[in-house]
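Everything below concerns the one structure shown next.
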Amino acid sequence: MNTTKTKKISCIIHALGIGGMERVMSILLNDFAQRENVEVSLVLIGRNRNIT
């Protein structure tokens, strides 16, 4: 019987443009997403929610 619970991680950022903060967020999310039993969500909250 597998009793491992799925961990849920939500990250919030204003947009995913070009920049240092965006790069760090991308690296963190990719690392978390590759782990077992982890569900990753990304929330974009800025007025201009572009992904470049």
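Over the chain, accessible surface divided per residue gives 86 Å², non-protein components excluded, 1.4 Å probe. Angle check, please: helix 20-33 long axis (alpha carbons) against the longest principal axis of the chain (alpha carbons), in degrees 0 to 90, nearest 10. Once rounded, the angle reads 20 degrees. Cα-based values for the chain, radius of gyration first and Dmax second, are 13.3, 46 Å. Taking Cβ atoms as reference points and 12 Å as the exclusive limit, the residues near ILE9 contribute a net charge of +1, counting Lys and Arg as +1 and Asp and Glu as -1.
The values are calculated or read from the model by the stated rules, or taken from the named source; none is laboratory data. These numbers were taken from a predicted model, which means no experiment stands behind them. Reconstructed Cβ throughout: ideal geometry from the backbone, glycine too, with neighbour counts over all protein chains shown. Accessible surface areas use protein heavy atoms only, side chains included; no ligands, DNA or RNA. Shrake-Rupley method; radii C 1.70, N 1.55, O 1.52, S 1.80 Å.
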